[in-house]
Amino acid sequence: MEKLQTSYYECQCECSDHTIRFVYDPDENELYTEVQLYQYHNIFVRIWLAIKYIFGYECKYGHWDCWMLKNEDCNGIKELLDKVIDGRKNKELSYQEIVEIKKG
């Protein structure tokens, strides 16, 4: 069992609320993404949101925020995606070999 590989990328605006976390699982060849949503610090806004939550209000659009890729982070994200792509290619080759063995 290989160790999970974790990478954090901050937004170009350098706001800590705009952070994306990528977790690569080499055993399963899966890439997970976690996004930090906006945190309301104003007490009155938080109370208003709590009241809306208590009465069952749900935003039909969900909770969205933006994240802008920094130029210096492009290669790091590309390397993560290349690992996933290579792992899937290897899986396909293994599957094809198994099919050929069963035929032969």
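The values are calculated or read from the model by the stated rules, or taken from the named source; none is laboratory data. Note that the structure is a prediction, hence the values are computed from the model and not measured. Because the Cβ atoms are built from the backbone with ideal geometry, glycine has one as well, and the counts that use them run over all protein chains shown.
Here are VAL45, VAL84: which of them is farther than 25 Å from GLU2 by Cβ, at pLDDT 85 or above and either under 16 Å from the mean Cα position of the chain (by Cα) or of a type outside the set (Ser, Thr, Tyr) (or both)?
On inspection, the qualifying residue turns out to be VAL45.
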Set GLU72, GLU58, GLU92: member being assigned to a helix (DSSP H, G or I) and modelled with pLDDT under 80: GLU92
